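K.L.:
Dropping the structure in here first, questions after.
Please treat every number below as a calculation from the coordinates, not as lab data. Computed from a predicted structure; not experimentally measured. FYI the Cβ positions are ideal-geometry reconstructions off the backbone, even for glycines, and counts take in every protein chain you see.
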Amino acid sequence: MENKELLRVEHLKKYFSTPAGSLHAVDDVTFTVKTGETLGIVGESGCGKSTLGRVILRLHEPTAGRVFFEGYNILQYNAGALKRLRRNMQIIFQDPFASLNPRMTVSETISEALVIQKLYSPRDKKGLRKRSLELMEMVGLAERLVNTYPHELDGGRRQRIGIARVLALNPKLIVCDEPVSALDVSIQAQILNLMQDLQDELGFTYLFITHDLSVVKHLSDDILVMYLGQMVEKAPTARLFKNPLHPYTRALLSAIPVPDPDFDTNRTILSGELTSPIEPAPGCRFAKRCPQAQERCLGTDIPFREVAEDHFVACGEI
């Protein structure tokens, strides 16, 4: 049975005002995600992927566009409706230490959302503790840690607290904003396996934001590649890795480390000047670094179009 569409983003834009002009952090992004699937969003630091996740959750208000969750345009929600929406849309932050209140214990951190959303009374100490212990067990945290504080724990355990806090509301959509990039490699694998197991068990839908293609390859059903606020390619994961069409996507894939010194990586070394995201001129923003750029790539925005089934790309050479 085909999964239903859970999230639809249409022509979403987010511009920030600066003394030099308008910074185009997210510029005309459109995509859909089905229930129970994972969309990986990748690109270099500064490409707008984290801002995109925050705008979808309305942690930043968009400049233009629409975001539909279960068919409803959530950008029209008032404060009360938005608070109720938080039960179904949550985020796992990149830095597990900065996102936790240092004055709250593990149990208090996990149970806070339950009180805010009025699922439990703050007087129900026994019920809150029991639910906190259940969530701790789900994410692999020992019961003895229930009264500890974030500074007493390592990065992996802190991130497990962040995940348990999200699970408390049993959301349908979770935005994962580089949830393992601040962790040691060995801990990264544990957290990624945990997130995959939870998705298989509970049916979560993930937006997985990362700059690490080797990570997103094993988690995502589809991958969206961004460059300076714009979409450059979107395709099912296996197809994107087998047949990347955009020159920027090919450059990203060629940069994935291979643990074999004798392996010929055939890397694409990019050169040229970065296009400024402040009041960018029409045309391909990657053109100044692209080895295939032609005159037609400048002066006119390149449409993001479907070139094969479910494979979209914005490139004047295709």
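K.L.:
Can you tell me the relative contact order of the range 165-318? Whole percent, Cα pairs under 8 Å, sequence separation 6 or more.
P.N.:
Over the range 165-318, the number comes to 18 percent.
K.L.:
Within the range 266-318, which GluC sites (Glu not before Pro) sit in a loop by DSSP and count at most 15 neighbouring Cβ atoms inside 10 Å?
P.N.:
GLU273, GLU309, GLU317
K.L.:
Next up: Please determine, in degrees from 0 to 90 and to the nearest 10, the orientation of helix 155-167 with respect to the longest principal axis defined by the Cα atoms of the chain, where the helix direction is its Cα long axis.
P.N.:
Value to nearest ten degrees: 80.
K.L.:
Is it possible to state the helix-based mean residue ellipticity at 222 nm for the chain, with each DSSP H run of 4+ residues giving -39500 (n - 2.57), the sum divided by total residues, to the nearest 500 deg cm²/dmol? What is it?
P.N.:
On the way: 9 runs with 89 residues, N = 318.
Result for the chain, helices only: -8000 deg cm²/dmol.
K.L.:
Under a Cβ-only charge scheme (Lys and Arg +1, Asp and Glu -1), can you give me the dipole magnitude of the chain about the Cα centre, in debye to the nearest 20?
P.N.:
Values: 38 positive and 39 negative charges, 286 e Å.
I would put it at about 1380 debye.
K.L.:
Still on this structure: Taking the Cβ-Cβ separation of PHE16 and LEU202 as r and a Förster radius of 25 Å, what is the calculated FRET efficiency to the nearest 0.05?
P.N.:
The value I calculate is 0.10.
K.L.:
Still on this model: For ASN193 and LYS126, FRET efficiency with R0 = 45 Å and r from the beta-carbon atoms, rounded to 0.05?
P.N.:
The pair LYS126/ASN193 has a calculated efficiency of 0.90.
K.L.:
Moving to a separate point now. THR38: net charge of surrounding residues, Cβ under 9 Å, Lys/Arg +1, Asp/Glu -1, itself excluded? Please list the in-between numbers first.
P.N.:
Values: positive: none; negative: GLU37, ASP221, ASP222.
That works out to -3.
K.L.:
Among MET136, PRO171, LEU119, whose Cα projects farthest towards the positive end of the dipole of the chain, with charges put on the beta-carbon of Lys, Arg (+1) and Asp, Glu (-1)?
P.N.:
Ranked along the dipole, the leading option is LEU119.
K.L.:
Using the scaling law 2.2 N^0.38 Å as the reference, what is the normalised Cα Rg of the range 171-263? Display every interim value, and only then the final one.
P.N.:
Working: Rg = 14.2 Å, N = 93, 2.2 N^0.38 = 12.3 Å.
That ratio works out to 1.15.
K.L.:
Mind sorting THR51, THR148 by how few other Cβ atoms lie within 10 Å of their own Cβ, fewest first?
P.N.:
Details: THR51 20, THR148 16.
Least to most surrounded, the residues fall as THR148, THR51.
K.L.:
Still on this structure: Where nothing but the Cβ of Lys and Arg (+1) and of Asp and Glu (-1) is charged, how large is the charge dipole of the range 261-312 around its Cα centre, in debye to the nearest 20?
P.N.:
Using only the charged Cβ atoms, the result is roughly 240 debye.
K.L.:
Right, here's the next one. Measure nothing but the geometry: give the 0 to 90° angle between the long axis through the Cα atoms of 106-116 and the longest principal axis through the Cα atoms of the chain, rounded to 10°.
P.N.:
80
K.L.:
Please order LEU167, LEU52 by the number of other Cβ within 10 Å, starting at the fewest.
P.N.:
Ordered from fewest to most neighbouring Cβ atoms within 10 Å, LEU167, LEU52 come out as LEU167, LEU52.
K.L.:
Okay, next question. Here are a few candidate values for P(r) over Cα pairs in 10 Å bins from 0, in percent: [x] 6, 25, 32, 24, 11, 3, 0; [y] 7, 28, 37, 23, 5, 0, 0; [z] 6, 22, 26, 18, 14, 9, 4, 1. Which one was actually calculated from the structure I just gave you?
P.N.:
[x]
K.L.:
So what are the range 100-143's ellipsoid semi-axes, whole angstrom, largest first, if each one is the square root of 5 times an eigenvalue of the alpha-carbon gyration tensor?
P.N.:
The three semi-axes for the range 100-143 are 16, 13, 9 Å.
K.L.:
Kindly put SER186, SER220, SER276 in sequence by how many other C-beta atoms sit within 10 Å of each C-beta, fewest to most.
P.N.:
SER186, SER276, SER220
K.L.:
Another one. Taking Cα atoms, how many degrees apart are the long axis of helix 185-202 and the longest axis of the chain, rounded to 10 and kept between 0 and 90?
P.N.:
80
K.L.:
In the range 231-306, with Lys and Arg counted as +1 and Asp and Glu as -1 at Cβ, which of these residues, MET231, GLN292, ALA251, has the Cα nearest the positive end of the dipole, that is, farthest along it?
P.N.:
Highest projection toward the positive end goes to MET231.
K.L.:
Need the C-alpha centroid separation for the range 153-167 versus the range 71-121, integer Å.
P.N.:
With the range 153-167 and the range 71-121 each reduced to a Cα centre, they are spaced 14 Å.
K.L.:
Additional query: In the chain, what percentage of the DSSP-assigned beta bridges are antiparallel, given to the nearest 5?
P.N.:
Taking every DSSP beta bridge within the chain, about 60 percent pair in antiparallel fashion.
K.L.:
Please report how far the C-alpha centroid of the range 181-195 lies from that of the range 202-252, rounded to the nearest whole angstrom.
P.N.:
Their Cα centres are 19 Å away from one another.
K.L.:
Turning to a different aspect of this structure: Could you identify which residue out of VAL115, VAL106, VAL55 has the top mean-square fluctuation in a GNM of the chain using Cα springs shorter than 10 Å?
P.N.:
Among VAL115, VAL106, VAL55, the largest GNM mean-square fluctuation belongs to VAL115.
K.L.:
Something else now. Explain nothing, just the number: relative contact order of the chain, from Cα pairs under 8 Å at least 6 residues apart, as a whole percent.
P.N.:
This gives 21 percent for the chain.
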